[in-house]
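Asker: Quick one: the structure is below, and I'll ask about it shortly.
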Amino acid sequence: MNLSPLQKARYEYSPKLPGMLRNGISEICVKDGAPTESVADQDKIKALFPNTYGKNEITFAKGNNTSAAKKQVVGVILSGGQAPGGHNVVCGLYDALKATDKNNVLLGFKGGPDGLLKNDYIEFDDEFIDAYRNTGGFDIIGSGRTKLETQEQFGIVAENAKKNGLTAIVIIGGDDSNTNAATLAEYMAANNTGVQVIGCPKTIDGDLKNEDIEASFGFDTATKTYSELIGNIERDANSAKKYWHFIKVMGRSASHVALECALETQPNICLIGEEVAAKKMSLAQITNYIADAVEKRGNNGENFGVAIIPEGIVEFVPEFSALIAEINELLAGQKTEEFNALPDWNAKYDFIKKGLTDASFAVFDILPQGIQQQLFLERDPHGNVQVSLIESEKLFSEMVKNELAKRKAAGTYKGKFGAQHHFFGYEGRCAFPSNFDADYCYSLGYNAFMLIQYGYTGYLSKVSNLSKPAEEWVAGGMPITKMMNIERRNGQDKPVIRKALVELDGAPFKYFEAHREEWAVKTAFTYPGAIQYYGPSEVCDLTTRTLALEKGAN
C-alpha cells in the first residue's frame, strides 16, 4: 500500500492524554461528584430509566486503582455520520484495554448498530489498529444509521453479547446514537445481563454539548477544513472582484458550524438560524438584509463578497416552516402518488395552489421555480420534505438578485451582481483529524475504558477543560440521562438528548454580533489556511474560536 508522507507521519503521532490518565492504569482512581437529574421532564425520564437515572457524575484522579480485576471483552460501534477522530476513539479504547490486561479483547462491530444486530464483527489486534491511528473517516469498521430503540432489537443485541462474552459495549455517535446508548444501557441493567454501555460524543454539527460536554469530536477538524476553503474563496473573491459567493455549510438543526466558520474567516454575511427564529424573520427580511450589504459594497465599487448559509436555515424561518408543514399534509398518504402522476409542472403548480392556504402559497409563490420543485422531491421515510435537499444558497442568491433588480430600477443600486454557489459538507467529515481532535478522541476512548473498568453503565465519556493544554484536561463520566428531555417524535413522546443550539446571549454569538456590521461593508476577510499538524503549539494545537470565546479568551 502506497502512503503519502503525511499519512506515514500521522500514523506515528502520539496523542496527548489528560494528566490523570497518564499515570498508568494502576494509578487511576475515581472521585464521586453530585447526583444528577435530567435537564427537563425529570419524573418522566426517571420512570423510563429506573436503573440508570440519577447516578453521580465522576472524575478520574491520581490514586490507587480500586476496580475489580476481570477479563474484559468489549464491543464498539461507530454510529451515524462520519466525524474526524472516530478512529482515535477506537485506538484509545484499545490501548487502555490492552494496557490493563493483554488478554482483554476489543471487537469492532461492522456497519454501526446493524453489526450488533447481525453479530458481524472483527477482533482487533495491534497490526489492524496501527493502520488507522490518527486518520480520518470511519472506514475501520464502517458506520450506519439504524436506531436501536425496540425491545426486540435490545433482545437481539443482548443475545449476541452473550454469545461473544461481551462485558461492555461502546457506542460512538451523536445525540440520537447516545440516546440509543442510554436506552440500551437501561435494558441491559433491567435484565441483569451484566453488559455495560458507554457513549462517546460525536458530531461535526457541534450540537451535542452542554455545561459538561464542552465539544463534540469532529467539530474542530470539520470547521477548520471548511474555514480553509472559505478563506481560499475569500482570497479569490478579493482577487477577481466580480462574484458574490454563497456558501452553504453543514449543520441542519443548529448553526454552530456556520458561526465558527464566520469567526474564523470574517465573511460579509453569515446567517444564524437561531437568530432568524428568535426574530421571526421572513424570507423577504433575510433577502433585504443580504441585499443591503451587496448594495453598499456595490455602490463603493466592490461587486464581490462572501455569504455563509447554514444548511437548515429555511427550517428556522417561521413562514417557511409553516409552508413545509402544509406541504407534508398536502402529500400525506396516497396524495404523493396522485401528485407524481400529474403530467407537468403547470398541473402540479395548480394542485399546490389549491392545497395550500393563501398565506403559505404566497410564500411558495415568491420562491424561484427550482426551489419550488425541490420542495417536492423524494420524501424522507416519514413522508416529510427533505429540507437538506433544498439549495438554500441558491434560494437566497436568486432572491437577492431579484431584489437588486428592483433597486437598480429605482436608482439606488449602481453595482453589478454575479453569484457563485458552494456546499461544504462531505469535505470536512473524514479529514485527517486536527491535533485537538486526535488528542481529544484518543482521550475519550481511553477514558471510556476506565468507565468500563470501574463498572459504570449508561455514562458518556467526558473530557473537559478543553481550552487548556491537554495535560490540564479533566477526564470522567456523566450519566447520559442528565442530558435528556421528552420531545415529540413521529407522533409520540420520546426521551431524547436535548440538542444544543447557538445561544444568542453566548460569547461566540455576541462577538460575531459586535463585528458583523463592519464585516458586511468592509473587506475584512481572514485566511485561516490549512490545518497545521506540526510546529509551535499555539499554531498546531489551536482550538476553535467558539470554545476559546466560551472559555473567556478573546
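The values are calculated or read from the model by the stated rules, or taken from the named source; none is laboratory data. Treat the numbers as computed from the prediction; the structure is a model and nothing was measured. Quick reminder, even Gly has a Cβ in these numbers, built from the backbone with ideal geometry, and neighbours come from all protein chains shown.
Asker: Across segment 388-419, what is the total count of residues that are within 21 Å of Glu302 (Cβ to Cβ) and not in a helix (DSSP H, G or I)?
Answerer: Residues flagged as within 21 Å of Glu302 (Cβ to Cβ) and not in a helix (DSSP H, G or I) within segment 388-419 amount to 9.
Asker: Of the conditions (1) modelled with pLDDT of 90 or more; (2) crowded, with 21+ Cβ neighbours inside 10 Å; (3) not β-branched (Val, Ile, Thr), Leu331 clears all except one; give me its number.
Answerer: Unmet condition: (1).
Asker: List pairs: first in segment 1-29 and in the same structural domain as Tyr442 (by TED's automatic domain parsing), second part of a loop (DSSP other than H, G, I, E, B) and surrounded by fewer than 17 Cβ atoms within 10 Å (Cβ to Cβ), Cβ under 8 Å, 6+ apart or cross-chain?
Answerer: Correct list of pairs: Ser26/Asn64; Glu27/Gly63; Glu27/Asn64; Ile28/Gly63; Cys29/Gly63; Cys29/Asn64; Cys29/Thr66.
Asker: Something else now. Restricting the first residue to segment 241-268 and requiring it to be within 22 Å of Lys296 (Cα to Cα) and in a loop (DSSP other than H, G, I, E, B), which pairs with a second residue that is of a type in the set (Lys, Arg) and modelled with pLDDT of 95 or more meet a Cβ separation below 8 Å and a spacing of at least six or different chains?
Answerer: Partner pairs satisfying both residue conditions: Lys242/Lys416; Asn268/Arg297.
Asker: What residue, among those in segment 438-456 that are under 24 Å from the mean Cα position of the chain (by Cα) and hydroxyl-bearing (Ser, Thr, Tyr), is surrounded by the fewest Cβ atoms within 10 Å (Cβ to Cβ)?
Answerer: Ser443
Asker: Go through segment 346-398 and report how many residues are under 16 Å from Arg252 (Cβ atoms) and of a type in the set (Asp, Glu).
Answerer: Qualifying residue count for the region: 3.
Asker: Okay, moving on. Can you work out which of the residues in segment 370-382 that are part of a loop (DSSP other than H, G, I, E, B) and among the aliphatic types (A, V, I, L, M) is surrounded by the fewest Cβ atoms within 10 Å (Cβ to Cβ)?
Answerer: Across segment 370-382, the extreme among qualifying residues is Leu377.
Asker: A further question on this structure: Determine, yes or no, whether Val249 is touching a Cys at 6+ places or on another chain (Cβ under 8 Å) and either over 17 Å from Asp437 (Cα atoms) or among the aliphatic types (A, V, I, L, M) (or both).
Answerer: yes
Asker: Still on this model: Condition check: assigned to a loop (DSSP other than H, G, I, E, B) and crowded, with 17+ Cβ neighbours inside 10 Å. Does Leu367 satisfy that?
Answerer: Criteria met by Leu367.
Asker: Still on this model: Based on this model, can you work out whether Val385 counts as closer than 30 Å to Asp292 by Cβ, in a helix (DSSP H, G or I) and among the β-branched types (Val, Ile, Thr)?
Answerer: no
Asker: Could I ask something else about it? Could you tell me whether any residue of segment 225-235 is touching a residue at least 60 places away in the same chain (Cβ under 8 Å), small (Gly, Ala, Ser), in contact with a Cys (Cβ under 6 Å, 6 or more places away or on another chain) and under 25 Å from Phe436 (Cβ atoms)?
Answerer: yes
Asker: Could you please find all residues in segment 198-229 being among the basic types (Lys, Arg), farther than 14 Å from Tyr426 by Cα and surrounded by 24 or more Cβ atoms within 10 Å (Cβ to Cβ)?
Answerer: Scanning segment 198-229 gives a single hit, Lys202.
Asker: Please go through segment 290-307 and pick out each residue that is in a helix (DSSP H, G or I) and farther than 17 Å from Ala514 by Cβ.
Answerer: Within segment 290-307, Ile290, Ala291, Asp292, Val294, Glu295, Lys296, Arg297, Gly298, Asn299 meet the criteria.
Asker: On the basis of being in a strand (DSSP E or B), closer than 21 Å to Val197 by Cα and small (Gly, Ala, Ser), does Gly33 make the cut?
Answerer: Judged against the criteria, Gly33 is a match.
Asker: If you check Ile313 against the conditions, is it closer than 30 Å to Gly206 by Cα and surrounded by 12 or more Cβ atoms within 10 Å (Cβ to Cβ)?
Answerer: Spelling it out, Ile313 is indeed closer than 30 Å to Gly206 by Cα and surrounded by 12 or more Cβ atoms within 10 Å (Cβ to Cβ).
Asker: If you don't mind, another one. Check Asp95, Asp130, Asp125, Asp101 and return the single one that is within 29 Å of Val474 (Cβ to Cβ), among the charged types (D, E, K, R) and without any contact (Cβ under 8 Å) to a residue 60 or more places away in the chain.
Answerer: Asp101
Asker: Could I ask something else about it? Which residue, of Gly174, Gly165, is closer than 30 Å to Arg429 by Cα and of a type outside the set (Asp, Glu)?
Answerer: Going through Gly174, Gly165 in turn, the sole match is Gly174.
Asker: Only one of Gly92, Gly75, Gly80 is assigned by TED's automatic domain parsing to the domain that holds Met484, among the small types (Gly, Ala, Ser) and part of a strand (DSSP E or B). Can you tell me which?
Answerer: Gly75
Asker: Go through (1) buried (at least 24 other Cβ atoms within 10 Å of the Cβ); (2) in the same structural domain as Ile247 (by TED's automatic domain parsing); (3) out of contact with any Leu (no Cβ under 9 Å at 6 or more places or on another chain); (4) among the aliphatic types (A, V, I, L, M) for Leu395 and report which single condition fails.
Answerer: Only one criterion in (1) buried (at least 24 other Cβ atoms within 10 Å of the Cβ); (2) in the same structural domain as Ile247 (by TED's automatic domain parsing); (3) out of contact with any Leu (no Cβ under 9 Å at 6 or more places or on another chain); (4) among the aliphatic types (A, V, I, L, M) is unmet by Leu395, namely (3).
Asker: Hey, can you tell me all the residues within segment 346-364 that are surrounded by 13 or more Cβ atoms within 10 Å (Cβ to Cβ) and either over 24 Å from Lys394 (Cβ atoms) or not small (Gly, Ala, Ser) (or both)?
Answerer: Lys348, Tyr349, Phe351, Ile352, Gly355, Leu356, Phe361, Val363, Phe364
Asker: Out of (1) in a loop (DSSP other than H, G, I, E, B); (2) among the aromatic types (Phe, Trp, Tyr); (3) closer than 26 Å to Thr221 by Cβ, what's the single condition that is false for Phe60?
Answerer: It fails just one condition, (1).
Asker: For segment 211-240, enumerate the residues that are on the phi < 0 side of the Ramachandran plot and part of a loop (DSSP other than H, G, I, E, B).
Answerer: Listed by number, the residues that qualify are Glu211, Asp212, Ile213, Glu214, Ala215, Ser216.
Asker: Of (1) under 22 Å from Asn435 (Cα atoms); (2) surrounded by fewer than 22 Cβ atoms within 10 Å (Cβ to Cβ), Gly142 satisfies all except one. Which?
Answerer: Gly142 satisfies all of (1) under 22 Å from Asn435 (Cα atoms); (2) surrounded by fewer than 22 Cβ atoms within 10 Å (Cβ to Cβ) except (1).
Asker: Evaluate segment 133-150: report whether one residue or more is assigned to a helix (DSSP H, G or I) and touching a residue at least 24 places away in the same chain (Cβ under 8 Å).
Answerer: No; the residues of segment 133-150 include none that is assigned to a helix (DSSP H, G or I) and touching a residue at least 24 places away in the same chain (Cβ under 8 Å).
Asker: Which condition from (1) surrounded by 21 or more Cβ atoms within 10 Å (Cβ to Cβ); (2) in contact (Cβ under 8 Å) with a residue 60 or more places away in the chain is the one that Ala189 breaks?
Answerer: So the condition that Ala189 fails would be (1).
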